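**Q** Sharing a structure, written as structure tokens. Questions coming.
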Amino acid sequence: MQIVCTTVSAAAQVLQILIAAHLQPIRDYQLQPAFVITPPITYTMLVALTAAQTTKIRALADTTISA
């Protein structure tokens, strides 16, 4: 699953959701680009998100989830 954010604000909100779920970079998800904050910013999930987490992320503006 990939989460694509077209704004830095959306990427920050997604990151807050992932941190609140105690998910860790590298182990649970990858972030591209790694050191540049130029959109689009893509999170590649290495673990499955819960339905509640997915629903929260889908509700965010400027964020798209793809399989």
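**Q** Select, from Leu15, Leu31, Leu49, Leu60, the only residue that is hydrophobic (A, V, I, L, M, F, W, C), under 11 Å from the mean Cα position of the chain (by Cα) and at pLDDT below 95.
**A** Only one candidate passes the filter, namely Leu31.
**Q** Hey, another quick one. Could you tell me whether region 6-20 includes any residue that is aliphatic (A, V, I, L, M) and assigned to a strand (DSSP E or B)?
**A** No, every residue in region 6-20 fails to be aliphatic (A, V, I, L, M) and assigned to a strand (DSSP E or B).
**Q** Cβ-Cβ below 7 Å, separation at least six or inter-chain, first residue in region 50-65 and at negative phi, second surrounded by fewer than 16 Cβ atoms within 10 Å (Cβ to Cβ): which pairs?
**A** As it stands, the answer is Gln53/Ala21; Ile65/Met1; Ile65/Arg58, since those pairs meet every condition given.
**Q** Among the residues in region 34-45, are any in contact (Cβ under 8 Å) with a residue 60 or more places away in the chain and either in contact with a Lys or Arg (Cβ under 6 Å, 6 or more places away or on another chain) or not in a loop (DSSP other than H, G, I, E, B) (or both)?
**A** For region 34-45, residues in contact (Cβ under 8 Å) with a residue 60 or more places away in the chain and either in contact with a Lys or Arg (Cβ under 6 Å, 6 or more places away or on another chain) or not in a loop (DSSP other than H, G, I, E, B) (or both): absent.
**Q** Would you confirm whether any residue within region 30-39 is touching a strand residue (DSSP E or B) at 6+ places or on another chain (Cβ under 7 Å) and of a type in the set (Ser, Thr, Tyr)?
**A** Looking for residues that are touching a strand residue (DSSP E or B) at 6+ places or on another chain (Cβ under 7 Å) and of a type in the set (Ser, Thr, Tyr), one finds none in region 30-39, hence no.
**Q** Something else about it: Can you tell me which of (1) among the charged types (D, E, K, R); (2) in a loop (DSSP other than H, G, I, E, B); (3) touching a helix residue (DSSP H, G or I) at 6+ places or on another chain (Cβ under 9 Å) is the one Lys56 doesn't meet?
**A** (2)
**Q** Moving on. Among the residues of region 16-60, write down those that are small (Gly, Ala, Ser) and either loosely packed, with under 11 Cβ neighbours inside 10 Å or touching a Pro at 6+ places or on another chain (Cβ under 6 Å) (or both).
**A** Of everything in region 16-60, those that are small (Gly, Ala, Ser) and either loosely packed, with under 11 Cβ neighbours inside 10 Å or touching a Pro at 6+ places or on another chain (Cβ under 6 Å) (or both) turn out to be Ala20, Ala34, Ala48, Ala51, Ala52, Ala59.
The values are calculated or read from the model by the stated rules, or taken from the named source; none is laboratory data. The model shown is predicted, which means the values in this text are computed figures rather than measured ones. Neighbour counts are summed over all protein chains in view; Cβ atoms, including those assigned to glycine, are modelled from backbone coordinates with ideal geometry.
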